[in-house]
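Coordinate-derived values only; no laboratory data. Model, not experiment: these values are computed from the prediction. Note that each Cβ is placed from the backbone with ideal geometry, even for glycine, and that neighbours are counted across all protein chains shown.
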Amino acid sequence: MTESGAHKHVDAHSGMGTTGHEWDGIRELNTPLPRWWLNILYATIVWAVFYCIAYPAIPLIQSFTPGVLGWSSRQSVNDELASLRAQREPIVAALSQASLDEIAHNPQLRTFAMAQGKAAFANNCAPCHGAGGGGSKGYANLNDDDWLWGGTLEQISATITHGVRADDDLSHAGMMPAFGREGMLDEQQISNVADYVRSLSHLPLPAQANLAAGAAIFSENCAACHGADGHGDMELGAPNLADAIWLYGSDKATIVEGLVNGRGGVMPAWGGRLDATTIKALTIYVHALGGGQ
């Protein structure tokens, strides 16, 4: 309920009058806001008015008010990037003119290349190879010394630039046939050669494994790429089957699946996406991850 003006009450405890509102015998005090609080409120209102005049603030139909100072966050970022590019220009120019070997043996160039390469790797390579280059199933581990296409600076640069089975005339193009799907080997032959391949890296085998038959099949169908001893061929991108490093997995089911359907992973050709200096930096970084030859 609401009290009439004649019946407004003065609170005996605080000495303040009420607003005239009463609910179930409880009266509402007419307590003013603290002066300091009101002063802060008025100051923020004044600040907001000046801010809307000075800076971009008010949305319009197709744009916004630019502000009398002409400042924008986009231009501020562009100015900072331009300043950073100007600071880096001398070292970037030196990096672009130096060979990979010169960069690797020049502490200043190498330090800059490592920093730039790490950033480029995080933006472009980490989604497949992992943040630290550790790889995952089907994506090569760049920290070890097992390289499908070679781990020298020049070989890494060529792989990054032209890719693997990519839309590039100089791309690495080796591919493992689908021996099962294309009818080149039957189910038993695939099982035998899978057991033989596992034996090359001393993995456990079933008691009934026919290694002699598997060796014969391997010699006729696989040795041309992987070598008679299964140590692979970097020219063809054929992996070493005699070590403990496996791109897709070493269990028999995975090996059988690869023999049946073949293998042919794709890596983009970064030469059309990254500039030559960034590729140099990326090469130095990948080479330094731990497995560079």
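For this structure, a couple of remarks:
- Here Lys280, Lys118 are placed in order of increasing Cβ neighbour count within 10 Å, fewest first, which gives Lys118, Lys280.
- The calculated pair-distance distribution of the chain uses every alpha carbon pair, bins of 5 angstrom beginning at 0, and gives 1, 5, 8, 10, 10, 8, 7, 6, 5, 5, 5, 4, 3, 3, 4, 4, 4, 3, 3, 2, 1, 0, 0 percent.
- Cut-off 11 Å between beta-carbons: net charge of the residues surrounding Ser96, Lys and Arg +1, Asp and Glu -1: -1
- Comparing Thr44, Leu29, Leu142 along the charge dipole axis of the chain, the residue lying farthest to the positive side is Leu29, per the Cβ-charge model.
- Within the listed set Gly163, Gly15, Gly258, the residue fluctuating most in the Gaussian network model of the chain (springs between alpha-carbon atoms under 10 angstrom) is Gly15.
- Over the chain, DSSP H runs of length four or greater, each weighted -39,500 (n - 2.57), average out per residue to a 222 nm ellipticity of -14500 deg cm²/dmol.
- The ranking of Val266, Val286 by Cβ neighbour count inside 10 Å, starting from the fewest, reads Val266, Val286.
- Label-to-label distance for Glu102 and Ala48 is 6.1 nm, based on points extended 7 Å past Cα in the beta-carbon direction.
- Ranked Asp24, Asp144, criterion: other C-beta atoms within 10 Å, fewest first: Asp24, Asp144
- Of all the options His231, His172, His105, the one that moves most in a Gaussian network model of the chain with Cα springs shorter than 10 angstrom is His105.
- Full-stretch length increase - Ser219, Arg74 - with 0.36 nm per residue and alpha-carbon distance subtracted: 45.9 nm
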